[in-house]
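First comes the structure, then the notes that go with it.
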């Protein structure tokens, strides 16, 4: 049996034995990504809807900016917030660097443009009669939000799932802002990088398989929503 096959069997064995170290890392990763997604969704959805139902100078530039930010390297987010959270940074007194809060903030800012842009596009792509009818009925901008959320619930949920998928697979910002501290900020992606560099390929592979399973589940759910 070759090296990879042997490591793969060992990785599967670790997963099936519910190795405590592995599932602690998975729990930490899921917790950080879910919290970041919740905060990003609150801001991204409402900013996306607001931008879609208003006409303002610079709207086209905003869309181009969002498209650019969607593809921004994660290490860039890590670099920006590292500069803010470090001791000599503007927010250094808050003591956030190398905490799970710092990673959550970094991941939230990473996926806000994704959720906002997908929401904006969904609202602009919907039946034009929806917004026209709401305006004819005298609905003010804040009163239009609930009907839009109800009408586009599947598209907006797909935006949230897409954002979560981006957050769970992120490594650059998590490594720079979290410091890869076991039990606190060690996510699946940072642990894979660490364990592989240490020569513990089996553990890294086990985490990789679980990450792949989560990514598959997220994409499967996203495809179900698209069919609706």
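The values are calculated or read from the model by the stated rules, or taken from the named source; none is laboratory data. These numbers come from a predicted model, not from an experiment. With ideal geometry, Cβ positions are generated from the backbone for all residues, glycine too; neighbour counts draw on all protein chains shown.
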Of the residues in the stretch 78-95, those that are in contact (Cβ under 8 Å) with a residue 60 or more places away in the chain and either surrounded by fewer than 22 Cβ atoms within 10 Å (Cβ to Cβ) or within 28 Å of residue 156 (Cβ to Cβ) (or both) come to 78, 79, 81, 82
Quick one: which of 34, 134, 130 is surrounded by 16 or more Cβ atoms within 10 Å (Cβ to Cβ) and at negative phi?
134
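Does residue 207 satisfy the condition of being surrounded by fewer than 18 Cβ atoms within 10 Å (Cβ to Cβ), under 23 Å from residue 16 (Cβ atoms) and under 19 Å from the mean Cα position of the chain (by Cα)?
Numbers: surrounded by fewer than 18 Cβ atoms within 10 Å (Cβ to Cβ): no; under 23 Å from residue 16 (Cβ atoms): yes; under 19 Å from the mean Cα position of the chain (by Cα): yes.
When the stated conditions are applied, residue 207 does not pass them.
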What do you reckon, is residue 30 touching a residue at least 12 places away in the same chain (Cβ under 8 Å), out of contact with any helix residue (DSSP H, G or I) (no Cβ under 7 Å at 6 or more places or on another chain) and over 27 Å from residue 142 (Cβ atoms)?
yes
Identify all residues within the stretch 142-182 that are within 18 Å of residue 22 (Cα to Cα), surrounded by fewer than 22 Cβ atoms within 10 Å (Cβ to Cβ) and in contact with a helix residue (DSSP H, G or I) (Cβ under 7 Å, 6 or more places away or on another chain); write none if there are none.
169, 171, 175, 180
So if I check each of 49, 45, which one is buried (at least 20 other Cβ atoms within 10 Å of the Cβ), in contact with a helix residue (DSSP H, G or I) (Cβ under 6 Å, 6 or more places away or on another chain), closer than 29 Å to residue 176 by Cα and touching a residue at least 12 places away in the same chain (Cβ under 8 Å)?
45
Can you work out which of the residues in the stretch 132-176 that are assigned to a helix (DSSP H, G or I) and closer than 14 Å to residue 29 by Cβ is farthest from the chain's Cα centre (by Cα)?
175
Which numbered condition residue 212 fails, given (1) assigned to a helix (DSSP H, G or I); (2) surrounded by fewer than 15 Cβ atoms within 10 Å (Cβ to Cβ); (3) at pLDDT below 90
(3)
Can you name the condition, by its number, that residue 185 falls short on among (1) in contact (Cβ under 8 Å) with a residue 60 or more places away in the chain; (2) surrounded by 17 or more Cβ atoms within 10 Å (Cβ to Cβ); (3) assigned to a helix (DSSP H, G or I)?
(3)
Given the criterion part of a loop (DSSP other than H, G, I, E, B) and farther than 30 Å from residue 147 by Cβ, identify the matching residue among 18, 27, 4, 81.
18
